[in-house]
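Below: the structure, in structure tokens.
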Amino acid sequence: MKPSVLICDDALFMRTMIKDILSEAGYQVVGEAATGAEAVEQFRALNPELVTMDIVMPDMGGIDAVREIIAEHPQATILMCSAMGQQALVIEALQAGAKDFIVKPFQPSRVLEAVQRVLS
Amino acid sequence: MIDASRYAALFRSEALDHVETLNRLLLQWEGEPGDLSPLEPAFRAVHTLKGMFSAMGIDGAGQRAHELENSLAALRGAPADDVAAALPGLFAGADVLEQALSVEIPSATAALPAGALQVRLRVPREEPLPGVRAFLALRKARELGTVSNLHPPEDALGDDGFSGELDFLLEAEADPAEVEAALDAVGGIDVLTCRPAEDAAAPSVAPAEEPGEAGRFVRVAPERLDGLLDRVGELLILRDRLQQLTAGEARGELAGAIHQASRMLSDLHQAVMQVRMVPVWQITNRFPRLVRDAAQRSGKEVDFQVEGRDVELDRSLLGKLSESLVHLLRNAVDHGIEAPGERERLGKPRRGRLRLRVLRDGAQVEVHVSDDGRGIDRDAVASKAAERGVAGNGQSAALSDSELLELITTTGVSTARSVTEVSGRGVGLDVVARQLRALGGSLEVGSTVGTGTTFKLRLPLTLALLQALLVQAGGQRFAIPLLQVGGTLEAAAHEIVGLNGRDYLRVRGELVPLLGLATLLGISESGSCSPLPIVLLASGERPVALAVDQFLGRQEIVSKEFRPAAGTLNLFAGATILGDGRASLILNSSAAAARLLEIHASGVAAAAHPGPASSTIVAAS
């Protein structure tokens, strides 16, 4: 059985893209969130093996969501999704507990590479 | 993390400047405790030192500096009595800071733990957010062990300016191959290097070069100056060679070109020599503090002044000169100047006067150390010398200044009342005289009982390039620096007088001790042609006359660093390569003169033994 994934991004368009890439590779997308708060709630409910997290979201940003999730679930595997030029923020997210990152615009091969890395 | 050892030399020299300033201010303050104007500049100096110690990781000294800052701050607006009471502690604090400067500054890579790996990573250009990639790699490394010496520092990873390269030391249990694989698995990075770190052969002294603040001074490592001078020296030798090769054959343009090159070389040489010239305050700045401390220890009151601190001399002379002066100053305080009570009884001012004067006299530097103390007791010296069987018959009346000097600079003759007195080694003037002679200089003394003593030191301004007289003696060529030559002449037989088996030359009514140079060096018996070529040496002690086989003319020579083989008579100041490419030894005239007088005093027979010089002269090249 392929790992379960929770996708968090405030843009529907982005969520759809990631969902397509991951589903095609056999991953199970079990939930979606559009804000940081939703991301934390969904995680509690679904306990996914992987989370993809956007940085900038309304109602609690991605970094804070990472902190909250890690606080409750230290083993959580979170992959940050970042736009170009957000180096410092990504580092902050990694310091908060995220495991790796991918950049937009997404290249499917790189996304899958990163996912494999963090799940191995 | 800064690798402190790279900055060691610069740190030391700058910190020393600040310590000297601090000492100067404290001395000034001690003279006028009620005048608080030295306080703020002293505070600033200590504050700066504190910062410097911290930057170099010398935490102990940084702490002391902090405490010293507090002590100073507490004296703001204080009355003179409080200041006077606090000053000994302030001086002690300054000493602690100065001592901290001689501490070894450990190289950051010196204490490499066994098994440390040097790791270098690069994020390929096409990787987005390279800083974050590097950060992930760093995080992985930290999981494997301890990371240190991180370049660039971690907070630079978030900057746009991050180059993509990251290096650090990693102490890990895992072996290099495992570490490399783990780092590689991070993805998006190339592991360029992952191998055991060698002990860095980092020199702990960096050539401290600072861009000069507009028009002020530039710090240059001494080795570079010496290197520059060496090269100019070689060029000069080459010039001589060229001149020799083309002598008589050079026509028109070639001759003109050589002539021009020759002049430019002389100019260049002058310029480089100028660079090596250093004002004497570099050594005299420490003296006021030294004199004060010596005076305190021996219960004397001394008023010390330095004149001529801006006179420049060649940096190579500074070290030895400093030692000699320290000796003379200590002696003046310990043995020359009387205790305040005694001085008052004698009708002298309570505070003794000690003066250091530096003057330039043509191509020589003169340093006078004079005190208004009790003077040198010639009777005591004469009888001590007789008692020790050194020389003389105890008759003091006939002791001239130069004879007195000879005696007091002889080891074992000291008129110090007690050997346990502060300097602990008696007068020690023999050391001073020896050091000066080694530099090609000389020492003179003038003294009146009850009034005071003056020592005069003479030194040549420069050592490296000399005008010299070339002579032939015993089949070999020697160079005698012109500076020390009083004159040359050819003596007729009747001008040479023999007394008690010793030869003297009659010069202007005086009898001057005469010996053949070859005999002096023990290489052969000197010839006795007539007229006899004679070089008069006048290096400030007693004039002497050296007989040679032949005069070979004058030449400008470059003195080269000279390491004599063991057993060489130390009568040579250096060696040089003459225009024909062959080596020649340079005579140290003061040493030669001293030796001549010794031989004369002990009988000419002593000179008949062939000295070790014969084999050694061949060795010097």
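Amide H of B:Glu307 versus every other amide H placed in the peptide plane: which residues, excluding those fewer than 5 positions away on the same chain, fall under 5 Å?
Here the answer is B:Leu356, B:Arg357, B:Val358, since their amide H atoms fall under 5 Å of that of B:Glu307.
Convert 20 °C to kelvin, take the viscosity as 1.002 mPa s, use the Kirkwood radius over C-alpha pairs of the range B:246-290 as Rh, and evaluate the Stokes-Einstein diffusion coefficient in µm²/s, rounded to a whole number. Mind showing how you got there, number by number?
Details: Rh = 13.8 Å.
Rounded, D is 156 µm²/s.
Where in the range B:32-91 are there trypsin sites (Lys or Arg not before Pro) that are in a DSSP coil and have at most 16 other Cβ atoms within 10 angstrom of their Cβ? Working shown, then result.
On the way: sites: B:Arg44, B:Lys50, B:Arg64, B:Arg76; in loops: B:Arg76.
Hits after loop and neighbour filter: B:Arg76.
Name the trypsin sites (Lys or Arg not before Pro) in the range B:429-525 that are in a loop by DSSP and that have at most 15 other C-beta atoms within 10 Å, would you?
Sparse-neighbourhood loop trypsin sites (Lys or Arg not before Pro): B:Arg508.
Sorted by accessible area (1.4 Å probe), largest first, how do A:His73, B:His494 line up? Don't skip to the answer; put the middle values down first.
Values: A:His73 55, B:His494 145 Å².
Per-residue accessible area, sorted high to low, gives B:His494, A:His73.
Let me know the mean shielding of B:180-189 by other chains, meaning the per-residue number of their Cβ atoms within 10 Å of its Cβ.
So the per-residue partner count for this stretch is 2.
Between B:Cys529 and B:Leu346, with labels modelled 7 Å along Cα→Cβ, what's the label distance in nm to one decimal, could you check?
Placing both labels 7 Å beyond Cα along the Cβ direction yields 5.7 nm.
Under the Karplus relation 6.51 cos²θ - 1.76 cosθ + 1.60, θ = phi - 60°, what is the ordered set of whole-Hz ³J(HN,Hα) values for the range B:154-166, x standing for Gly and Pro?
With coefficients 6.51, -1.76 and 1.60, one gets 4, 6, 7, 5, x, 7, 5, x, 4, 7, x, 9, 9 Hz.
Show me, for the range A:30-37, the HN-Hα J-couplings you get by feeding each phi into the Karplus relation (A = 6.51, B = -1.76, C = 1.60, θ = phi - 60°), rounded to Hz, glycine and proline as x.
9, x, 9, 9, 10, 9, x, 4
Apply the Karplus parameterisation 6.51 cos²θ - 1.76 cosθ + 1.60, with θ equal to phi minus 60°, to every residue of the range B:316-331 and state each ³J(HN,Hα) to the nearest whole Hz, in sequence, with x for glycine and proline.
5, 8, 4, x, 5, 4, 4, 4, 4, 5, 4, 4, 5, 5, 4, 4
Interface B/A, total buried accessible area with a 1.4 Å probe, nearest 100 Å²?
Answer for the B-A pair: about 1400 Å² buried.
Where does each of B:Trp281, B:Trp29 land when they are ordered by accessible area, with a 1.4 Å probe and the largest first?
From most accessible down to least: B:Trp281, B:Trp29.
Rolling a 1.4 angstrom probe over the protein chains, ignoring ligands and nucleic acids, what is the accessible area of B:Glu32 in square angstrom, nearest 10?
My reading of the accessible area for B:Glu32 is about 110 Å².
Summarise the partner chain shielding of A:89-95 as one whole number: the mean count of Cβ atoms from other chains within 10 Å of each residue's Cβ. Provide the component values of the computation, followed by the final result.
Values: counts 3, 7, 12, 1, 1, 4, 2.
Neighbouring Cβ atoms belonging to other protein chains average 4 per residue here.
Enter the mean number of other protein chain beta carbons within 10 Å of the beta carbon of each residue in B:152-158, as an integer.
Mean partner-chain Cβ count within 10 Å for B:152-158: 2.
Only Lys, Arg, Asp and Glu count, each charged at its Cβ (+1, +1, -1, -1), so figure out the dipole size of the range A:3-93 about its Cα centre, rounded to 20 debye.
Roughly 160 debye for the range A:3-93.
Evaluate the distance, in nm, between pseudo-label points positioned 7 Å from the Cα of A:Gln75 and of B:Ala185 along their respective Cα→Cβ axes.
With each label placed 7 Å out from Cα toward Cβ, I get 1.8 nm.
With a ≥ b ≥ c taken as the square roots of the eigenvalues of the C-alpha gyration tensor of the range B:1-84, please select rounded if a/c is under 1.5 and otherwise prolate if a/b is larger than b/c or oblate if it is not?
Prolate shape, in that a/c is at least 1.5 and a/b is the bigger ratio.
Give the long-range amide H neighbours of B:Ala468: residues separated by 5 or more places, or on another chain, with amide H under 5 Å away, using H modelled in the peptide plane at 1.01 Å from N.
Hits under the 5 Å cutoff: B:Leu482, B:Gln555, B:Glu556, B:Ile557.
Mind grabbing the accessible area of B:Asp371 for me, 1.4 Å probe, Å², rounded to tens?
My reading of the accessible area for B:Asp371 is about 20 Å².
Efficiency by 1/(1 + (r/R0)^6): what FRET value for B:Gln28 and B:Glu323, r their Cβ-Cβ distance, R0 = 30 Å, to the nearest 0.05? Before the final figure, lay out each step's value.
On the way: r = 27 Å, r/R0 = 0.88.
Given R0 = 30 Å and the Cβ-Cβ separation, E is 0.70.
Please name whichever of A:Met60, A:Pro48, A:Gly85 sits farthest to the positive end of the charge dipole of the range A:1-91, dipole taken about the Cα centre and charges placed at Cβ: Lys and Arg +1, Asp and Glu -1.
Final value for the positive-end residue is A:Pro48.
Suppose R0 equals 41 Å. What FRET efficiency, 1/(1 + (r/R0)^6) with r the Cβ-Cβ distance, do B:Thr246 and B:Gln274 give to the nearest 0.05?
0.85
Amide H to amide H, which residues 5 or more places from B:Ala174 or on other chains are under 5 Å from it, using H placed in the peptide plane?
Long-range HN contacts for B:Ala174: none found.
Run the simple label-point estimate for B:Asp226 and B:Arg554 please: 7 Å along Cα→C-beta, distance reported in nm.
About 3.1 nm, to one decimal.
What residues from the range B:17-38 fall in the zone where the backbone N is under 13 Å from a label point 7 Å along the Cα-to-C-beta line of B:Asp82?
B:34, B:36
Can you give the FRET efficiency to the nearest 0.05 for B:Leu235 and A:Ala45, using r as the Cβ-Cβ distance and R₀ = 60 Å?
So, using R0 = 60 Å, E works out to roughly 0.10.
The values are calculated or read from the model by the stated rules, or taken from the named source; none is laboratory data. For clarity, every value in this text was computed on a predicted model and none was experimentally measured. Note: ideal-geometry Cβ built from the backbone for every residue, glycine included; neighbour counts use all protein chains shown. The protein model used for the area step is the full one, side chains on, heavy atoms only, and it has no ligands, DNA or RNA in it. Shrake-Rupley method; radii C 1.70, N 1.55, O 1.52, S 1.80 Å.
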